[in-house]
Amino acid sequence: MFAETTLLFKTMVILSGQISIVFGLAYFIIQKAKVAYENKTKLFGYSFRAAMNMNEELDLVPYTESPKKFPVFMTKLVGEQFDHETKKMKPEHTLILKVNSREEALNAIRDGYSFKSKDRLLPVFLAWFIGLWVTLFLATSGVSLPIGISIFTIQSIAFGILLGFIMLNMDENDGLKALKIVLLVTLITGYIGYSDFYSFSENFGLQLVLLFSLLGLIILSLIRTVVSFSRKATRYQAIFGAIIFSIYLLVDFNLIKKREGIIGMNNWETAFELAFSLYLDMINLLLEILEAMGNS
């Protein structure tokens, strides 16, 4: 039965399974956060407070409760502001506040400050990071398919948890909208790319543009770790990135169609490699859309 299925079918079975894990877990984390807020409990060590977004929708904000020992330092991310001293626009930056009591900490939380808690999700992050690179190696080396799918699944579970908290830290309502946009873009690019009315995957010029564009995005991301960009510049970068990864989806769906015509390519190992490539396209597209929404 499986020998008669198309390469597209095999690829979609693997891809849909992994994407369902990621998106499903992210949604589950958001729902569990709502339960934690209603019951005044914690999730992964975080408490939650309620806010309202511009559409009057409930927006849960994760935070770490006040420590028992003081003084402590709290941080707050501030967007682009006008600096009256320099008479120039000050880019996005982080404010640091020293608090000496629980009351001061609670007031700071109401003003948008939070405690640093990088270690809360550190094990999950490490599982995702290691799993991602191991999956990349397995997908391109032809190692045992069951092992590859197992590692792929582990990193998808880890990323689904991280994605849930990424959405909670911005606005989970926008995050859920971003998921729908990614699914819609994937369906459209899948239809166009697989229809093969144009050979996206065989256009050397297009692939060269995509390569340099991707390198440019990576370089800009590295620069942003040491230099603050304005919110507008960051948003434009994210929109550009979303366009690039949408085109990558076109190319990779078209590549499925091309490989179906090659003898010996219609197998689960090839499907695993293609599914992982599409998975990376979708995840990167989602992250760029979330970045654009967060800076709009």
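A short reminder: the numbers here are calculations on the coordinates, not readings from a lab. Here the structure is a predicted model, which means the values were calculated and not measured. Ideal geometry is used to build each Cβ from the backbone, glycine not excepted, and the neighbour counts take in all protein chains shown.
Observations on the model:
- Among L208, G294, N284 - extreme Cα towards positive end, dipole of segment 167-296, charges at beta-carbon: G294
- Within the chain: Cβ-based charge dipole about Cα centre, in debye rounded to nearest 20 (Lys, Arg +1; Asp, Glu -1): 940
- Cα centroids of segment 11-60 and segment 198-226: 32 Å apart.
- Extended-chain gain in nm, criterion 0.36 nm per residue less alpha-carbon gap, F197 and K232: 9.0 nm
- Highest mean packing first, where packing is the average number of other Cβ atoms within 10 Å per residue, the peptides 282-292, 226-236 line up as 282-292, 226-236.
- Additional length obtainable on full extension of the chain from L58 to L222, 0.36 nm per residue less Cα span: 55.7 nm
- Cα lying deepest toward the dipole's positive end in the chain, options L274, I29, L255, charges on Cβ: I29
- The HN-Hα couplings worked out from phi for segment 207-216 by the Karplus form 6.51 cos²θ - 1.76 cosθ + 1.60 (θ = phi - 60°) are 5, 5, 4, 5, 4, 5, 5, 5, 4, x Hz, whole numbers, x standing for Gly and Pro.
- Among D281, D111, D252, residue whose mean-square fluctuation peaks in a GNM of the chain (springs only between Cα atoms under 10 Å): D111
- Summed over qualifying helices (DSSP H, 4 residues or more, each -39500 (n - 2.57)) and divided by its residue number, the chain shows a 222 nm mean residue ellipticity of -22500 deg cm²/dmol.
- Integer Hz, Karplus 6.51/-1.76/1.60 couplings in order for segment 34-42, x for Gly and Pro: 5, 5, 4, 5, 5, 9, 6, 10, 10
- If you run the Gaussian network model on the chain, springs between alpha carbon atoms under 10 Å, then out of L145, L25, L215 the most flexible one is L215.
- Cleavage-rule hits (chymotrypsin sites (Phe, Trp or Tyr not before Pro)) in segment 115-216: DSSP loop, at most 14 neighbouring Cβ within 10 angstrom: F197, Y198
- Projecting the Cα atoms of P123, T234, G45 onto the charge dipole of the chain (Cβ charges, centred on the Cα centre) puts G45 farthest toward the positive pole.
- Residue of F28, F70, F245 that the Gaussian network model of the chain assigns the largest fluctuation, springs spanning Cα pairs under 10 Å: F70
- In this structure, L126 and T75 have a Cβ-Cβ separation that, at R0 = 30 Å, corresponds to a calculated FRET efficiency of about 0.85.
- Residue pairs, from the table K40/K177; K42/K177; K69/K232; K98/K180, whose Cα atoms sit over 29 Å apart: K69/K232; K98/K180
- Estimated vicinal HN-Hα couplings, Hz - segment 245-253 in sequence order (Karplus 6.51, -1.76, 1.60; Gly, Pro = x): 6, 5, 5, 4, 4, 4, 4, 6, 5
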